[in-house]
Amino acid sequence: MGSRNRFQSIFANSGRSYDKQKFKDAGSKLQPVNWEGIEAYPIQKSFYQEHPTVTRRSQTEIQSWLNEHEVTLQGTNIPRPIFLFEEINFTSPIVKQLSSSGKTLGFILPGIMHTLKQLPRQVDEGPTMLVLLPTRELAQQVESVAREYCNLMNLSIACVFGGAERREQGMALRKGVDICIATPGRLLDFIDEFVTNLLRCSFLVLDEADRMLDMGFEPQIRKIVSQTRPDRQTLMFSATWPNDVRSLAMEFQTNPVFLNVGSMELSANHNIEQHVEVIDENLKPARLIQLLTFISQWPNCKTMIFVETKRKADMLNANMIQKGWPTMVIHGDKSQPERDRVMQEFRSAKSPILLATDVVSRGLDITDIKFVINYDYPKNSEDYVHRIGRTARQDNTGTSFTFSPPRMHTRLETWLSGSTASSFGSSFPRPTFENSRGKRELERDYSADSRYSSGRRTNQ
């Protein structure tokens, strides 16, 4: 993909029309706030009261729980872990409403409690809590969760992202909001135009931090952070922990607590049965049809298919529709109404097959996706893990299939050599499937077909 397409993809998803110079100069009018000349009100931070059950819990019990759940902690003055919702000293309306243990609540609820403890917001002040995310889909998902709890506590919330009507978003910010969920590009637009400011922001969340850096948002993030209070509380969430994310964490945070869940090495979800087939490019379209025919036998056959480029996604979608398959496509060039319609039809299973580029490979919260197909080979191991991670959500099981060019086979084995998906090995047996009738193999043994003689298959 050329640089123009890359920039187009980034800005289609972040709230700006494509212009290479604008990408470079986004937020260039902004200067870091000189806080020495501003009389800022004090931030209330220390209001957490430990539940008696948490206080009584022995260190042995705590360590056993941490080991069982593969939780690693680093830092000083680390609070004792909370095992149950009942041990959280949230206000009664929030406790009654709690029904999920997802990551989103891990920053939304503390942010709401932080906001409630601050001085009342004045009309011309910006949000107290700001959540930055890489994509509009993820922003909308977080906003839908947050709004439910904001309504309970009479807090105002706005979600600003590209591809949607600016006027309505701008009006919400001008009225003043307590919590803002945003993608970087659109938020910088509004700050540049003095629609809002971040002088009040004392609770900052960077969600999917690694993804934002991958998409080239580091300059925009820095400009946004430069507008917030230096004594703010900052939370960063990242699926991976590369050097650039570590550096950003050390720069934006002071004496942070580091919490890692799971292995420190990037690995795929153990609940995903993984299959890889080495196959030539010209054989992939026919193989995809055969694979979908097999998948369609399952009662729940909701499937995501990942392709490399927007152009290929559109072409493959048109070809599939022509052959009678109920497919839809989503990528960065689609308008917001169209993306909303596509996601609604996919969620409701009216169109159970979704073709997508990597713009939605992270953060998409659809719990019943059963199959993921990597039609085009992912660029790196991180993209592979995040793509197949769209299935097997919330302790469900799922299956992934990856079409690998013959030249990439060695790299794939290298990626997965240390993976906790231990049955990825060198033998690459033919895939088998488990259903209500017991195990069965694919309908055909492709190793006996001369057209597929170059292919080998592997399963977990």
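All of the numbers you see were taken from the coordinates with simple rules; none came from a lab. No experiment lies behind these values; they were computed from the predicted model shown. Virtual Cβ from ideal backbone geometry, glycine too; neighbours counted across all protein chains shown.
Partners of Lys103 within straight-line reach, counting aspartates and glutamates whose Cα lies under 15 Å from its Cα and excluding those fewer than 8 residues away in the same chain: Glu143, Asp207, Glu208, Asp365, Asp395. Judged by the mean number of other Cβ atoms found within 10 Å, the most tightly packed of the peptides 46-55, 287-296, 212-221 leads the ranking 212-221, 287-296, 46-55. If the Kirkwood radius is taken over C-alpha pairs of segment 137-218, then at 37 °C and 0.692 mPa s the Stokes-Einstein diffusion coefficient equals 244 µm²/s. Here's how it looks for Leu235: its modeled amide H is under 5 Å from those of Leu204, Val205, Leu206, which are all 5 or more places away or on a different chain. Put in line by how crowded their Cβ is, counting other Cβ atoms within 10 Å and starting with the fewest, Asp192, Asp383, Asp178 read Asp192, Asp383, Asp178. Sequentially through segment 372-387, phi angles give Karplus couplings (6.51, -1.76, 1.60; θ = phi - 60°) of 10, 10, 8, 5, 9, 5, x, 6, 7, 5, 5, 5, 4, 5, 6, 4 Hz, Gly and Pro residues having no value and appearing as x. Computed from phi, the 3J(HN,Hα) profile of segment 296-306 under the Karplus parametrisation 6.51, -1.76, 1.60 (θ = phi - 60°) reads 5, 6, 7, x, 9, 10, 4, 9, 10, 10, 9 Hz, with x in place of Gly and Pro.
Along segment 66-79 the Karplus relation, 6.51 cos²θ - 1.76 cosθ + 1.60 evaluated at θ = phi - 60°, assigns HN-Hα couplings of 4, 5, 4, 9, 6, 9, 10, 10, 9, x, 10, 6, 7, x Hz to successive residues, with x for each Gly and Pro. Amide H to amide H, with H built 1.01 Å from N, Ser156 comes under 5 Å of Asp178, Ile179, counting only residues 5 or more places away or on other chains.
At a Förster radius of 22 Å, what calculated FRET efficiency corresponds to the Cβ-Cβ distance of Thr76 and Gln49, to the nearest 0.05? Walk me through the numbers before you get to the answer.
Values: r = 20 Å, r/R0 = 0.92.
Once the sixth-power term is evaluated, E becomes 0.60.
Database remark: amide H of Gly126 closer than 5 angstrom to the amide H of Asn197, Leu199, Arg200 (H placed geometrically; neighbours at sequence offset of 5 or more, or on other chains; Pro and chain starts carry no H). Principal axis analysis of the Cα atoms in segment 136-272 yields extents of 45, 34, 29 Å, listed in decreasing size.
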